[in-house]
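Enquirer: Have a look at this one.
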Protein chains: 2
Amino acid sequence: MSWTGPGDGGSGRRGYHHGNLREALIDAALALIAAKGPAGFTVAEAARLAGVSPAAPYRHFRDAEALLAEVAVRGYDLFAERLSKAWNNGRPQPVRAFEDIGRAYLTFARDQPAYYAAMFDSHLAMDTHPDLQAAGDRAFAVLREAAEQVAATVSKGRRPPSLMMALHIWSMAHGIASLFVREGPGRRKLPMTAEDLLEAGVLLYLQSLGLVGAQ
Amino acid sequence: MSWTGPGDGGSGRRGYHHGNLREALIDAALALIAAKGPAGFTVAEAARLAGVSPAAPYRHFRDAEALLAEVAVRGYDLFAERLSKAWNNGRPQPVRAFEDIGRAYLTFARDQPAYYAAMFDSHLAMDTHPDLQAAGDRAFAVLREAAEQVAATVSKGRRPPSLMMALHIWSMAHGIASLFVREGPGRRKLPMTAEDLLEAGVLLYLQSLGLVGAQ
DNA sequence: TATCCATGTAAAAACCTTTCACATGAGTTG
DNA sequence: CAACTCATGTGAAAGGTTTTTACATGGATA
């Protein structure tokens with residue numbers, strides 16, 4: 001796992017130069033966050049995992065935050081992909097596919113806590129990391145697009161504003177994920193699964209918009 | 001602001017002993033979080049603000065996390081008080097008062113970012129800080145109780161489960177607060193106020209439960 | 001007044017971040 | 001193919017943090 005000597009312990013390092021340090025650092029950061037929480041990541045330890053000196057990372061990232069931001073960007077990309085796959089272009093039915101997005105949201109939070117933490121718990125400055133802003137926007141666009149198509153299933157007169165829909169659903173999914181899904185001691189107990197809670201919430205919400213018949 | 005010498009610069013410190021260090025440290029921690037974000041707080045700097053040596057805080061708190069946890073506990077208490085005041089025992093009308101709770105939630109996130117960060121962004125271990133668990137429960141209980149009374153406004157047969165209601169509203173409020181309200185660079189832009197977004201969401205949600213007539 | 005012990009200090013070990021001058025060697029160039 | 005360059009890594013150092021330990025102080029109590 002932690003090839004140190006010049007003999008290379010398994011992957012990458014061949015001699016004085018690592019060969020793929022940037023990627024190795026991102027992997028290491030992710031592993032550290034996964035293992036010890038968002039605060040458990042340090043540049044020094046990531047360097048140690050990659051088998052380089054503590055100064056080496058600074059050849060690839062301005063500072064610790066920049067490395068974290070890169071992790072978050074990749075997280076958003078994976079997130080967008082997962083949501084997109086769940087949406088599956090609205091098949092078989094828009095409303096059903098919309099619910100699948102919600103499930104995918106929670107699944108991501110559960111299965112990729114390290115990415116999720118980097119994305120939402122790091123308080124990274126979107127301003128100073130434009131990539132991050134863009135990546136986040138791409139992920140939200142999936143939800144936005146889905147909401148649009150779901151809204152379009154009803155006649156134009158009764159059609160709800162899709163942006164508002166997307167924001168409501170995103171907020172509820174994010175709230176549930178943040179409060180009840182994430183591992184660790186901060187999590188609260190729930191008398192049902194988070195998925196069921198979200199599904200019920202989404203259904204009720206869509207009902208009130210006339211997008212799904214009363215159950 | 002930072003009385004250092006033994007002459008006391010304004011409040012508290014009288015000589016070798018501070019006199020009120022515990023409170024001073026909590027205040028300092030809150031100020032630091034407010035000024036520089038959740039990560040901007042350090043025991044050393046809190047001690048500096050209080051005019052004591054870096055080791056002094058350890059007479060009052062086991063470690064940095066314990067100090068942060070105490071801040072969070074006080075945050076939850078203030079939070080519960082604000083929500084309770086907004087609810088005002090369901091007056092003038094339960095549904096209206098319920099919406100007021102939502103507004104109060106966002107107002108708290110906006111006006112008390114330091115407390116909010118300590119409460120929700122610190123990933124404190126509820127396990128190791130039972131006080132924190134209790135304080136959080138007290139705050140949620142306000143919402144829980146309100147949901148119960150709102151649910152009770154309809155006949156028993158059509159009465160929705162109030163716990164589910166409370167969880168849905170809490171999640172949406174928390175999601176909106178986390179994604180759109182909190183200051184700082186991580187925040188996203190919104191084409192409407194967060195308060196309006198939440199109010200609309202709550203209304204739609206209550207509508208689908210038959211707790212409020214279609215607008 | 002004498003004593004005690006809660007509360008503070010100084011010092012130290014062990015981390016971390018970040019910078020700087022210097023080393024290395026992979027890839028380019030003549 | 002040899003020489004060179006520059007991206008990439010190292011070592012050392014400055015400065016900051018956490019937390020522990022032995023010791024100091026003085027307010028409260030007997």
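Enquirer: Criterion first (at pLDDT below 95, surrounded by 15 or more Cβ atoms within 10 Å (Cβ to Cβ) and either more than 9 Å from chain B (Cβ to nearest Cβ) or out of contact with any Ser or Thr (no Cβ under 6 Å at 6 or more places or on another chain) (or both)) does residue A:212 satisfy it? I'd like the intermediate steps shown before the answer.
Expert: Details: at pLDDT below 95: yes; surrounded by 15 or more Cβ atoms within 10 Å (Cβ to Cβ): yes; either more than 9 Å from chain B (Cβ to nearest Cβ) or out of contact with any Ser or Thr (no Cβ under 6 Å at 6 or more places or on another chain) (or both): yes.
Taking the combined requirement at face value, the residue satisfies it.
Enquirer: Any chance you could count how many residues in region A:21-43 are at pLDDT below 95 and within 10 Å of DNA strand C (Cβ to nearest atom)?
Expert: The total comes to 1.
Residue by residue, here is whether (1) closer than 20 Å to residue A:197 by Cβ; (2) within 16 Å of DNA strand C (Cβ to nearest atom); (3) away from chain B (no Cβ under 14 Å); (4) surrounded by fewer than 19 Cβ atoms within 10 Å (Cβ to Cβ) holds:
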{"position": "A:57", "(1), (2), (3), (4)": "no, yes, yes, no"}
{"position": "A:68", "(1), (2), (3), (4)": "no, yes, no, no"}
{"position": "A:87", "(1), (2), (3), (4)": "no, no, yes, no"}
{"position": "A:94", "(1), (2), (3), (4)": "no, no, yes, no"}
{"position": "A:115", "(1), (2), (3), (4)": "no, no, yes, no"}
{"position": "A:128", "(1), (2), (3), (4)": "no, yes, no, yes"}
{"position": "A:148", "(1), (2), (3), (4)": "no, no, yes, yes"}
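Enquirer: Additional query: List the number of the failed condition for residue A:46; all other conditions in (1) modelled with pLDDT of 95 or more; (2) more than 24 Å from the chain's Cα centre (by Cα); (3) within 13 Å of DNA strand C (Cβ to nearest atom) hold.
Expert: Of everything listed in (1) modelled with pLDDT of 95 or more; (2) more than 24 Å from the chain's Cα centre (by Cα); (3) within 13 Å of DNA strand C (Cβ to nearest atom), residue A:46 misses just condition (2).
Enquirer: Criterion first (more than 14 Å from chain A (Cβ to nearest Cβ), within 16 Å of DNA strand D (Cβ to nearest atom) and in contact (Cβ under 8 Å) with a residue 24 or more places away in the chain) does residue B:83 satisfy it?
Expert: Here the answer is no, as residue B:83 does not meet what is asked.
Enquirer: Looking at region B:114-168 only, could you name the residues that are more than 30 Å from residue A:121 (Cβ to Cβ) and hydrophobic (A, V, I, L, M, F, W, C)?
Expert: Within region B:114-168, B:150, B:151, B:152, B:154 qualify.
Enquirer: Considering every residue within region B:96-107, establish whether at least one is modelled with pLDDT under 95, among the basic types (Lys, Arg) and more than 10 Å from DNA strand C (Cβ to nearest atom).
Expert: no
Enquirer: Also, quick follow-up: Yes or no: residue A:83 farther than 21 Å from residue B:38 by Cα, under 23 Å from the mean Cα position of the chain (by Cα) and crowded, with 16+ Cβ neighbours inside 10 Å?
Expert: yes
Enquirer: Kindly list the number of the only condition in (1) free of Cβ contacts under 8 Å to residues at least 24 places away in the same chain; (2) within 9 Å of chain A (Cβ to nearest Cβ); (3) within 22 Å of residue A:188 (Cα to Cα) that fails for residue B:207.
Expert: Just one mismatch for residue B:207, condition (3).
Enquirer: Scan region A:150-173 and report the pairs whose first residue is at the interface with chain B (Cβ under 9 Å from one of its Cβ atoms) and on the phi < 0 side of the Ramachandran plot and whose second residue is in a helix (DSSP H, G or I) and among the polar types (S, T, N, Q), with Cβ atoms within less than 7 Å and a gap of 6+ or a chain change.
Expert: Filtered contacts from region A:150-173: A:172/B:171.
The values are calculated or read from the model by the stated rules, or taken from the named source; none is laboratory data. Bear in mind the structure is a predicted one, so any value in this text is a computation, not a measurement. Neighbour counts run over all protein chains shown; Cβ positions are idealised from the backbone, glycine included.
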